[in-house]
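Right, one structure below, let's go through it.
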Amino acid sequence: MNTNASVVAPQNTVVKIIPNDKGNPPGKLADVELHFVDGVLAGLKLIGFAIWERRTGAGRNVTFPARQYSVNGERRSFALLRPVADTTAQDVVRDLILAAYAEYEQAA
């Protein structure tokens, strides 16, 4: 599978799936971009999402965009997309990405 797939989400967002054909790093299934088609973010995209196979083998995990930095030699990560108040707000985005990947797999 060398082609990218795009799925239009009901929230005026296009979820673009970029498959990881190389298999490196192990367990990484695809990179994901969110393309905004309406509103103040129209014409912009948010990159840095990835879909991973869970280490236990049951299900999939979505990682969100983050910036790595180090403090006293310790690597840390700063989340670039964070909830304003409701800590479950990211679940909607995670579910949207997983649904788009499932649709991509069915079409392949």
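Out of THR88, THR3, which single residue is modelled with pLDDT under 95, over 19 Å from ALA108 (Cα atoms) and either touching a Cys at 6+ places or on another chain (Cβ under 8 Å) or among the hydroxyl-bearing types (Ser, Thr, Tyr) (or both)? Give the steps one after another, and end with the answer.
Working: THR3 fails: over 19 Å from ALA108 (Cα atoms).
Being modelled with pLDDT under 95, over 19 Å from ALA108 (Cα atoms) and either touching a Cys at 6+ places or on another chain (Cβ under 8 Å) or among the hydroxyl-bearing types (Ser, Thr, Tyr) (or both) holds for just one of THR88, THR3, which is THR88.
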Check your understanding: Can you find a residue in region 89-104 that is polar (S, T, N, Q) and under 19 Å from ASN20 (Cα atoms)?
Key -> no
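Quick grid of which residues meet (1) of a type in the set (A, V, I, L, M); (2) touching a residue at least 12 places away in the same chain (Cβ under 8 Å):
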residue: ASP21; (1), (2): no, yes
residue: PRO25; (1), (2): no, no
residue: ILE47; (1), (2): yes, yes
residue: PHE64; (1), (2): no, yes
residue: ASN72; (1), (2): no, no
residue: ALA102; (1), (2): yes, no
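Please count how many residues of region 17-49 are assigned to a loop (DSSP other than H, G, I, E, B) and among the charged types (D, E, K, R).
In the first step, residues of region 17-49 are kept if they are assigned to a loop (DSSP other than H, G, I, E, B); the result is 20-27, 37-44.
So of that shortlist, the ones also among the charged types (D, E, K, R) come out as 21-22, 38.
So the answer is 3.
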Review point. Right, ARG75: surrounded by 14 or more Cβ atoms within 10 Å (Cβ to Cβ), more than 14 Å from LYS16 (Cα to Cα) and modelled with pLDDT of 90 or more or not?
Key: no
Check your understanding: What residue, among those in region 76-108 that are over 13 Å from the mean Cα position of the chain (by Cα) and part of a loop (DSSP other than H, G, I, E, B), is nearest to ALA50 (Cα to Cα)?
Key -> ARG82
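The values are calculated or read from the model by the stated rules, or taken from the named source; none is laboratory data. What you see is a predicted model; the values in this text were computed from it and never measured. Note: ideal-geometry Cβ built from the backbone for every residue, glycine included; neighbour counts use all protein chains shown.
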